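This report concerns only the one structure given below.
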Amino acid sequence: MATFASLGLSEWLVNQCKQMGISRPTPVQENCMPAILEGRDCMGCAKTGSGKTAAFVLPVLQKLSEDPYGIFCLVLTPTRELAYQIAEQFRALGKPLGLRDCIIVGGMDMVTQGLELSKKPHVVVATPGRLADHIRSSDTFDMKRLRFLILDEADRLLEQGCTDFTKDLEVILSIVPAKRQTLLFSATLTDTLQELKSIAMNKPFFWEHKSEVRTVEELDQRYILTPEKVKDAYLVNLIQKFQDEHDDWSIMIFTNTCKNCQILTMMLREFKFPAIALHSMMKQRQRFANLAKFKSNIFKILIATDVAARGLDIPTVQVVINHNTPGLPKIYIHRVGRTARAGRNGVSITLVTQYDIHLVSAIEEQIQAKLKEYPVQEKEVLKILTQVNVTRRQCEIKLEATDFDEKKEINKKKQMILEGKDPDLEEKRKNELAKIKREKKKFKGRIQEAIQKKKGKMLKKGVKCKKAPSKTIPGPS
Ligand SMILES: Nc1ncnc2c1ncn2[C@@H]1O[C@H](COP(=O)(O)OP(=O)(O)OP(=O)(O)O)[C@@H](O)[C@H]1O
């Protein structure tokens with residue numbers, strides 16, 4: 001069995017790992033680290049919670065200790081919270097080196113960040129949008145000598161989801177040297193393999209944890225079939241049960257929109273549950289503060305959108321509840337991967353309505369495992385149904401009285417300006433498009449009406465034609 005020393009790490013780094021409770025390499029570390037230390041590009045695909053972060057942090061620190069300078073390494077990651085978590089790992093493992101890192105994410109002061117970048121930190125951990133903004137607007141730093149470019153959650157960075165990073169990536173790639181080592185990691189790399197290969201051009205070493213099931217064995221994956229209207233009552237019932245039976249467990253609840261996330265948090269608080277929210281419409285400082293309160297067990301329930309689905313490593317999370325069935329199996333894999341990490345056990349429960357059954361089939365096909373039904377005492381759920389639904393409605397009314405929707409519009413406009421678009425022009429275009437669509441629909445309707453009329457007439461004629469000969473056919477008698 002390999003040790004960190006046998007993989008090529010120096011004694012100081014091996015000791016540092018030990019101090020952090022990392023004594024033996026996990027398979028992704030054992031397989032990817034030698035290739036990285038040899039100087040090769042690397043693509044590592046391993047299950048959630050399997051130690052992918054250390055698989056790139058350790059070799060980078062080893063190489064940095066041999067030739068320290070800044071900016072030596074750039075790590076890109078899709079979310080701000082994840083950027084802080086990765087920087088923390090670099091800081092903890094690189095402490096004996098006196099490592100200087102710098103975090104460049106949106107929602108934080110740009111001037112301070114610019115100053116930090118100009119001081120040539122060893123490692124920069126960034127979300128693509130904000131780093132690209134710095135590159136566009138400042139010439140006080142460069143990455144000409146960059147040795148490592150790392151894309152964590154690489155598939156997310158390359159896919160064109162609701163946040164599209166591709167343009168920002170282009171800007172970033174234009175300032176990093178072609179001669180560099182590129183490392184790409186994720187639990188779900190395979191469907192963006194071609195795009196990834198165009199970034200890691202030097203015949204990358206590719207390692208994938210081969211296993212039939214794509215989720216971890218320690219995860220107990222369950223579902224509850226529920227009508228849409230009873231969903232919240234099931235949720236409250238589940239949380240009450242976990243709180244009664246395991247008061248030390250932390251629970252993450254995923255939902256599909258910021259508004260839903262806010263309403264669920266308000267509703268659970270009405271029921272006196274220690275719940276806190278995390279979504280992209282919150283101020284960044286509030287996001288960090290809430291995550292910190294959840295990590296330190298001050299609040300045991302975190303309700304989040306998919307902004308928290310990837311990468312977050314919170315060992316106390318024992319349960320993940322999907323308040324909505326994820327539309328993509330990939331998102332399911334990352335969400336449920338917030339529990340059962342690093343060999344621990346965990347439970348995931350997905351609330352499934354009659355409209356989501358096909359999504360569950362797609363998930364099961366992708367993960368190569370069947371979800372099992374979670375037993376619930378329906379009588380208990382029905383007892384609280386009215387109270388839960390009334391409470392939810394009250395919370396919705398309360399939220400409508402705030403400027404939540406307005407803020408959403410403002411945020412949208414801000415995003416457009418950042419993307420170089422004119423919000424008023426976009427609005428005009430949107431309205432024009434809607435008008436064209438409406439007219440097309442009307443036109444289609446009219447055509448269909450005309451066709452129907454014509455069909456009706458022909459049918460009448462046809463009936464007459466068919467009836468006519470029948471009159472002439474003599475009956476059997
Ligand atoms: N060799 C090791 N031995 C024991 N624990 C480890 C080892 N390497 C990493 N860990 C711990 O395992 C946990 C999960 O690691 P990490 O966050 O890197 O997972 P990941 O593979 O990146 O997961 P995800 O796909 O969800 O991002 C962390 O708490 C980390 O400190």
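Those residues that are open to solvent by 60 Å² or more (accessible area, probe 1.4 Å) and near the ligand (Cβ under 10 Å from one of its atoms), I need them from region 19-28; list them, please. Give the derivation first.
First pass over region 19-28, keeping only residues open to solvent by 60 Å² or more (accessible area, probe 1.4 Å): 19-21, 23-24, 27.
Selection gives M20, G21, S23, R24, P27.
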Check your understanding: Taking the condition farther than 25 Å from D164 by Cα and either at pLDDT below 95 or of a type in the set (S, T, Y) (or both), does T325 pass?
Key -> no
Check your understanding: Of the residues L196, L184, which single one is assigned to a helix (DSSP H, G or I) and crowded, with 20+ Cβ neighbours inside 10 Å?
Key -> L196
Check your understanding: Out of (1) over 18 Å from F90 (Cβ atoms); (2) within 16 Å of the ligand (Cβ to nearest atom), the odd one out for L151 is which?
Key -> (1)
Exercise for review: With respect to G94, determine if the residue is closer than 27 Å to R287 by Cβ and assigned by the TED database to the domain that holds S174.
Suggested key: yes
Practice item. Answer yes if at least one residue in region 56-72 is open to solvent by 20 Å² or more (accessible area, probe 1.4 Å) and within 16 Å of the ligand (Cβ to nearest atom), and no otherwise. Key: no
Revision key, fill the gap. Of the residues in region 358-387, those that are part of a loop (DSSP other than H, G, I, E, B) and of a type in the set (A, V, I, L, M, F, W, C) number 3
Practice item. Output the residue which, of all residues in region 15-25 that are assigned to a loop (DSSP other than H, G, I, E, B) and free of Cβ contacts under 8 Å to residues at least 60 places away in the same chain, is farthest from A55 (Cα to Cα). Key: G21
Exercise for review: For region 274-294, enumerate the residues that are closer than 17 Å to H246 by Cα and surrounded by 19 or more Cβ atoms within 10 Å (Cβ to Cβ).
Suggested key: A275, F294
Study note, to complete from the structure: Among (1) open to solvent by 100 Å² or more (accessible area, probe 1.4 Å); (2) at pLDDT 95 or above, I417 falls short only on (2)
Check your understanding: So which of Q366, Q377 is open to solvent by 30 Å² or more (accessible area, probe 1.4 Å), within 20 Å of the chain's Cα centre (by Cα) and modelled with pLDDT under 95?
Key -> Q366
Check your understanding: Of all strands (runs of 3 or more DSSP E) completely enclosed by region 257-334, which ones contain at least 2 residues that are within 16 Å of the ligand (Cβ to nearest atom)?
Key -> 301-304, 317-322
Exercise for review: Determine the pairs where a residue that is over 25 Å from I36 (Cα atoms) and touching a residue at least 40 places away in the same chain (Cβ under 8 Å), located within region 205-217, has a partner that is polar (S, T, N, Q) and exposed (fewer than 14 other Cβ atoms within 10 Å of the Cβ) with Cβ atoms under 7 Å apart, the partner being 6 or more residues away or on another chain.
Suggested key: E212/Q368; V213/Q368
Practice item. Among residues belonging to region 1-14 that are in contact (Cβ under 8 Å) with a residue 40 or more places away in the chain and more than 11 Å from the ligand (Cβ to nearest atom), point out the one that is most open to solvent (accessible area, probe 1.4 Å). Key: W12
Exercise for review: With respect to A87, determine if the residue is part of a helix (DSSP H, G or I), within 16 Å of the ligand (Cβ to nearest atom) and surrounded by fewer than 15 Cβ atoms within 10 Å (Cβ to Cβ).
Suggested key: no
Exercise for review: Just need a number here: residues in region 29-46 that are more than 7 Å from the ligand (Cβ to nearest atom) and either without any contact (Cβ under 8 Å) to a residue 40 or more places away in the chain or among the charged types (D, E, K, R) (or both).
Suggested key: 7
Review point. With respect to the numbered conditions (1) modelled with pLDDT under 95; (2) in a helix (DSSP H, G or I); (3) of a type in the set (D, E, K, R), which one is the sole condition not fulfilled by K210?
Key: (2)
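The values are calculated or read from the model by the stated rules, or taken from the named source; none is laboratory data. This structure is a prediction, so every number in the text was calculated from the model and none was measured. Here Cβ is always computed from backbone atoms with ideal geometry, including for glycine, and neighbour counts include all displayed protein chains. Accessible surface is based on the protein model in full, side chains and every heavy atom, while ligands, DNA and RNA are left aside. Shrake-Rupley method; radii C 1.70, N 1.55, O 1.52, S 1.80 Å.
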